[in-house]
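As C-alpha coordinates, the structure follows; a few thoughts come after it.
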Amino acid sequence: MAQQPAYPPQAYPMYPVPLSKGGAIGALVTSILLVISCYGLLAAVGLIFSIMAVSENFDQEKVSRFTRYAWIANGVVLGLLVLFFGFVITMIIIES
(Lines give C-alpha, C1' and ligand atoms only; values in the text may rest on other atoms or scores of the structure.)
Protein backbone atom coordinates (compact mmCIF):
# COMPACT_ATOMS: atom_id res chain seq x y z
CA MET A 1 0.00 0.00 0.00
CA ALA A 2 1.35 3.41 -1.01
CA GLN A 3 1.71 6.01 1.68
CA GLN A 4 0.02 9.40 1.07
CA PRO A 5 2.24 12.48 1.25
CA ALA A 6 1.82 14.69 4.31
CA TYR A 7 1.28 17.81 2.23
CA PRO A 8 -1.26 18.48 -0.51
CA PRO A 9 -0.05 18.14 -4.10
CA GLN A 10 1.21 21.33 -5.73
CA ALA A 11 -1.49 22.83 -7.94
CA TYR A 12 -1.23 25.49 -10.57
CA PRO A 13 -2.31 28.93 -9.36
CA MET A 14 -5.85 29.88 -10.29
CA TYR A 15 -5.95 33.01 -12.39
CA PRO A 16 -9.24 34.84 -12.86
CA VAL A 17 -10.77 34.59 -16.30
CA PRO A 18 -10.67 38.00 -18.00
CA LEU A 19 -14.10 39.49 -18.56
CA SER A 20 -15.35 39.88 -22.11
CA LYS A 21 -15.87 43.60 -22.72
CA GLY A 22 -15.82 43.94 -26.52
CA GLY A 23 -19.52 44.79 -26.74
CA ALA A 24 -19.21 47.25 -23.87
CA ILE A 25 -16.33 49.04 -25.58
CA GLY A 26 -18.31 49.20 -28.83
CA ALA A 27 -21.30 50.64 -26.96
CA LEU A 28 -18.98 53.14 -25.27
CA VAL A 29 -17.56 54.35 -28.60
CA THR A 30 -21.05 54.60 -30.11
CA SER A 31 -22.34 56.50 -27.07
CA ILE A 32 -19.41 58.91 -27.15
CA LEU A 33 -20.05 59.64 -30.83
CA LEU A 34 -23.75 60.22 -30.16
CA VAL A 35 -23.05 62.53 -27.20
CA ILE A 36 -20.45 64.50 -29.18
CA SER A 37 -22.99 64.84 -31.99
CA CYS A 38 -25.52 66.32 -29.52
CA TYR A 39 -28.21 63.68 -30.04
CA GLY A 40 -30.02 63.94 -26.77
CA LEU A 41 -30.33 62.71 -23.25
CA LEU A 42 -30.66 59.05 -24.25
CA ALA A 43 -27.15 59.16 -25.68
CA ALA A 44 -25.93 60.17 -22.22
CA VAL A 45 -27.87 57.25 -20.71
CA GLY A 46 -26.10 54.86 -23.07
CA LEU A 47 -22.79 56.48 -22.16
CA ILE A 48 -23.40 55.98 -18.44
CA PHE A 49 -24.37 52.32 -18.86
CA SER A 50 -21.39 51.59 -21.11
CA ILE A 51 -19.00 53.25 -18.62
CA MET A 52 -20.49 51.09 -15.86
CA ALA A 53 -19.99 47.97 -18.01
CA VAL A 54 -16.38 48.78 -18.88
CA SER A 55 -15.49 49.65 -15.28
CA GLU A 56 -16.86 46.36 -13.85
CA ASN A 57 -13.96 44.03 -13.03
CA PHE A 58 -15.45 40.99 -11.32
CA ASP A 59 -19.02 40.16 -12.40
CA GLN A 60 -19.59 39.07 -16.02
CA GLU A 61 -23.37 39.17 -15.47
CA LYS A 62 -23.23 42.89 -14.62
CA VAL A 63 -21.04 43.57 -17.65
CA SER A 64 -23.56 41.80 -19.90
CA ARG A 65 -26.54 43.58 -18.34
CA PHE A 66 -25.03 47.07 -18.53
CA THR A 67 -23.83 46.44 -22.09
CA ARG A 68 -27.35 45.36 -23.09
CA TYR A 69 -28.86 48.50 -21.52
CA ALA A 70 -26.28 50.70 -23.28
CA TRP A 71 -27.03 49.14 -26.68
CA ILE A 72 -30.78 49.52 -26.09
CA ALA A 73 -30.34 53.23 -25.31
CA ASN A 74 -28.07 53.67 -28.35
CA GLY A 75 -30.55 51.80 -30.53
CA VAL A 76 -33.41 54.04 -29.40
CA VAL A 77 -31.37 57.16 -30.19
CA LEU A 78 -30.37 55.82 -33.62
CA GLY A 79 -33.97 54.77 -34.33
CA LEU A 80 -35.23 58.25 -33.45
CA LEU A 81 -32.56 59.73 -35.74
CA VAL A 82 -33.71 57.56 -38.63
CA LEU A 83 -37.32 58.55 -38.01
CA PHE A 84 -36.43 62.24 -37.78
CA PHE A 85 -34.38 62.31 -40.97
CA GLY A 86 -36.96 60.18 -42.74
CA PHE A 87 -39.61 62.72 -41.75
CA VAL A 88 -37.45 65.64 -42.91
CA ILE A 89 -36.73 63.99 -46.27
CA THR A 90 -40.41 63.14 -46.71
CA MET A 91 -41.39 66.76 -46.03
CA ILE A 92 -38.80 67.98 -48.53
CA ILE A 93 -40.14 65.62 -51.19
CA ILE A 94 -43.76 66.60 -50.50
CA GLU A 95 -42.91 70.32 -50.66
CA SER A 96 -41.19 69.96 -54.06
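The values are calculated or read from the model by the stated rules, or taken from the named source; none is laboratory data. The structure displayed is predicted, hence computed values, not measured ones. We place every Cβ from the backbone using ideal geometry, glycine too, and count neighbours over all the protein chains shown. Protein only, heavy atoms only, side chains kept; ligands, DNA and RNA dropped before computing areas. Shrake-Rupley method; radii C 1.70, N 1.55, O 1.52, S 1.80 Å.
Data for the structure
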{"read-out": "Selection from Leu80, Thr90, Ala53, by position along the positive dipole direction of the chain (Cβ)", "value": "Ala53"}
{"read-out": "Stretchable slack from Phe58 to Ile93, in nm (0.36 nm times residue separation minus alpha-carbon distance)", "value": "7.3 nm"}
{"read-out": "Å² of accessible area per residue within the chain, as computed with a 1.4 Å probe and no ligands counted", "value": "78"}
{"read-out": "Accessible-area composition of the chain, carbon plus sulfur, in percent [1.4 Å probe]", "value": "72"}
{"read-out": "Phi to ³J(HN,Hα) by Karplus 6.51 cos²θ - 1.76 cosθ + 1.60 over the stretch 67-75, Hz, x for Gly, Pro", "value": "5, 4, 4, 5, 5, 5, 4, 5, x"}
{"read-out": "Electrostatic dipole magnitude of the chain [Cβ: Lys, Arg +1; Asp, Glu -1; Cα centre; debye, to 20]", "value": "140"}
